[in-house]
Amino acid sequence: MADLKTAPSIDIQKIRDQFPVLHQKVNGKPLAYFDNAATTQKPQSVINTLVDYYQGYNANIHRGIHTLAEKATKAYEESRKVIQRFINAAEGEEVIFTKGTTEGINLVTATYGRQNIHKGDEIILSGLEHHSNIVPWQIVAEEKGAIIKVIPVLEDGSLDMASYRNLLSDRTKIVAVNHASNSLGTVNPVKEIIELAHLAGARVVIDGAQASAHLDIDVQELDCDFYAISAHKVYGPTGTGALYGKRELLEAMPPYQGGGEMIKNVSFEKTTYNDIPHRFEAGTPNIADVIAFKSAVEFVSKQGKHAMAAYEHELLSYATERVGKIQDVRLIGTAREKVSVLSFVINDIHPFDIGQMLDARGVAVRTGHHCTEPLMNHFGIEGTVRASFAVYNTMEEIDSMVEGLERIVKFMK
Ligand code: PMP
């Protein structure tokens, strides 16, 4: 491979300076944080937004007429507009704030799913799915007597599209797949998946948890019916996210949870529900974090997602090359199109042991099944070691991980 240490087109040091948490030692060694697929670190701008809200204008939204309530409401609704642009939804009303991807998918299964899935209907998932895009569908399938079908995964970790075509039929009601796999990094051909599903008359739910920080998201271009993301995977706070849904679908859906804010009028005889998106945002939402979600998206826009993705790709190529050369390493997931996730196993050394030994060197990786047990079973393994890269990681950090892995292999032989 040609010069892998090519200079990035963005100033990594300047970016690193914006992340206070990175500047610490862990177990006496400089922290190398490679657990970004689990959650990304937060830039100072996101932290400042949280502090500013609690210090300056903490108030409940939508209902108040006093100054702080109006300021908080304005910031919350501005965030909706920013997220709308981030995923290129046609309207802000099509963006519902949630706790994250998990809640977004559960919202769809509990409302659209319960209303539209009937006995004998088929739901197509993929073998790459996170548990949060499996279990909610199992719940509704069990309740309704529907059948779950699974798109098989090929040896390189990509989806078997020929099998997908064969699974589709007029019984298919839903296709639910991720845009990018959290365990392997595989980027799925979601545009094609959506087109084929629509030809069969099915609706499509995309789990965008791993895509949002790395890939362009254009829900109109994709023509997906629903798209779920989590703020914390894209440099934002935990406990918030967004669900996109097409207006005509959201308007026809029954409410998700009952309570304040989701109603127009309540009486003991008859309650009328609010318009979208408020119909799906019962109760006091996670105001501070929703507002800080905007700052996270602005951080990404400022760096430029393409420049970030290009740099992350360099990190991935370099790490793949170096880790792949270590004795007895088996890379899991080698699809041509990947986000910056490197999963691997080393012979019969337990991933947990590798994770612990790397932690002793300040290198934070994730080990285990990554909430994708069916995928691990498919590869005949219990779990992997997963290093997932973000824009603030460096080649030197990868060198440190590789050095650690080489020592582990030597030590464990
Ligand atoms: N889907 C994928 C692909 C994920 O990686 C994750 C988070 N690991 C989720 C769904 C769930 O996201 P959250 O925990 O933020 O709801």
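Some points to look at:
- From the options 105, 47, residue that is surrounded by 15 or more Cβ atoms within 10 Å (Cβ to Cβ) and within 16 Å of the ligand (Cβ to nearest atom): 105
- So residue 34, is it within 16 Å of the ligand (Cβ to nearest atom), under 30 Å from residue 360 (Cα atoms) and hydrophobic (A, V, I, L, M, F, W, C): yes
- Listed here are the strands (runs of 3 or more DSSP E) enclosed by the range 195-279 that have at least 2 residues being of a type in the set (Gly, Ala, Ser): 226-230, 241-245.
- Residue check, residue 375 over 30 Å from residue 79 (Cα atoms), at pLDDT 95 or above, assigned to a helix (DSSP H, G or I) and under 20 Å from the mean Cα position of the chain (by Cα): yes
Conditions tested, residue by residue: (1) over 17 Å from the mean Cα position of the chain (by Cα); (2) within 16 Å of the ligand (Cβ to nearest atom); (3) modelled with pLDDT of 95 or more; (4) not assigned by TED's automatic domain parsing to the domain that holds residue 214.
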position: 57; (1), (2), (3), (4): yes, no, yes, no
position: 63; (1), (2), (3), (4): yes, no, no, no
position: 71; (1), (2), (3), (4): yes, no, yes, no
position: 81; (1), (2), (3), (4): yes, no, yes, no
position: 94; (1), (2), (3), (4): yes, no, yes, no
position: 98; (1), (2), (3), (4): no, yes, yes, no
position: 111; (1), (2), (3), (4): yes, no, yes, no
position: 115; (1), (2), (3), (4): yes, no, yes, no
position: 124; (1), (2), (3), (4): yes, no, yes, no
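- Screening 406, 397 for residues that are of a type in the set (D, E, K, R), part of a helix (DSSP H, G or I) and surrounded by 19 or more Cβ atoms within 10 Å (Cβ to Cβ) leaves exactly one candidate, 397.
- Summed over the range 126-155, the residues that are under 17 Å from the mean Cα position of the chain (by Cα) and either of a type outside the set (Asp, Glu) or away from the ligand (no atom under 16 Å from the Cβ) (or both) give a count of 10.
- Yes/no for residue 365 being within 18 Å of the chain's Cα centre (by Cα), among the β-branched types (Val, Ile, Thr) and under 13 Å from residue 35 (Cβ atoms): yes
- Among residues of the range 83-111, those that are part of a helix (DSSP H, G or I) and of a type outside the set (A, V, I, L, M), counted: 13
- Every residue from the range 178-187 that is more than 10 Å from the ligand (Cβ to nearest atom) and either part of a strand (DSSP E or B) or surrounded by fewer than 24 Cβ atoms within 10 Å (Cβ to Cβ) (or both): 186, 187
- Checked against the criterion of being closer than 16 Å to residue 124 by Cα, free of Cβ contacts under 8 Å to residues at least 60 places away in the same chain and in contact with a His (Cβ under 8 Å, 6 or more places away or on another chain), the range 262-272 has no qualifying residue.
Yes/no per residue for (1) on the phi < 0 side of the Ramachandran plot; (2) without any contact (Cβ under 8 Å) to a residue 12 or more places away in the chain; (3) surrounded by fewer than 18 Cβ atoms within 10 Å (Cβ to Cβ); (4) among the β-branched types (Val, Ile, Thr):
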position	(1), (2), (3), (4)
331	yes, no, yes, no
337	yes, no, yes, no
340	yes, no, no, no
345	yes, no, no, yes
349	yes, no, no, yes
359	yes, no, yes, no
374	yes, no, yes, no
377	yes, yes, yes, no
381	yes, no, yes, yes
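- Qualifying residue in the range 181-193 (condition: of a type in the set (Lys, Arg) and over 18 Å from the mean Cα position of the chain (by Cα)): no
- Here the condition is being within 16 Å of the ligand (Cβ to nearest atom) and over 20 Å from residue 212 (Cα atoms); of 373, 337, 382, 321, it holds for 373 alone.
- Top-ranked residue of the range 202-213 - restricted to ones that are within 14 Å of the ligand (Cβ to nearest atom) and touching a strand residue (DSSP E or B) at 6+ places or on another chain (Cβ under 7 Å), ranked as farthest from residue 236 (Cα to Cα): 205
- Pairs meeting the criteria (first residue in the range 227-238 and within 13 Å of residue 43 (Cα to Cα) and within 10 Å of the ligand (Cβ to nearest atom), second residue assigned to a loop (DSSP other than H, G, I, E, B) and of a type in the set (D, E, K, R), beta carbons under 7 Å, at least 6 apart or on different chains) are lacking.
- Residues (closer than 29 Å to residue 330 by Cβ and polar (S, T, N, Q)) located in the range 147-206: 158, 163, 178, 181, 182, 183, 186, 188
The values are calculated or read from the model by the stated rules, or taken from the named source; none is laboratory data. Quick caveat: nothing in here was measured; it's all calculated off a predicted structure. So basically every Cβ, Gly included, is an ideal-geometry build from the backbone, and we count neighbours across all protein chains shown.
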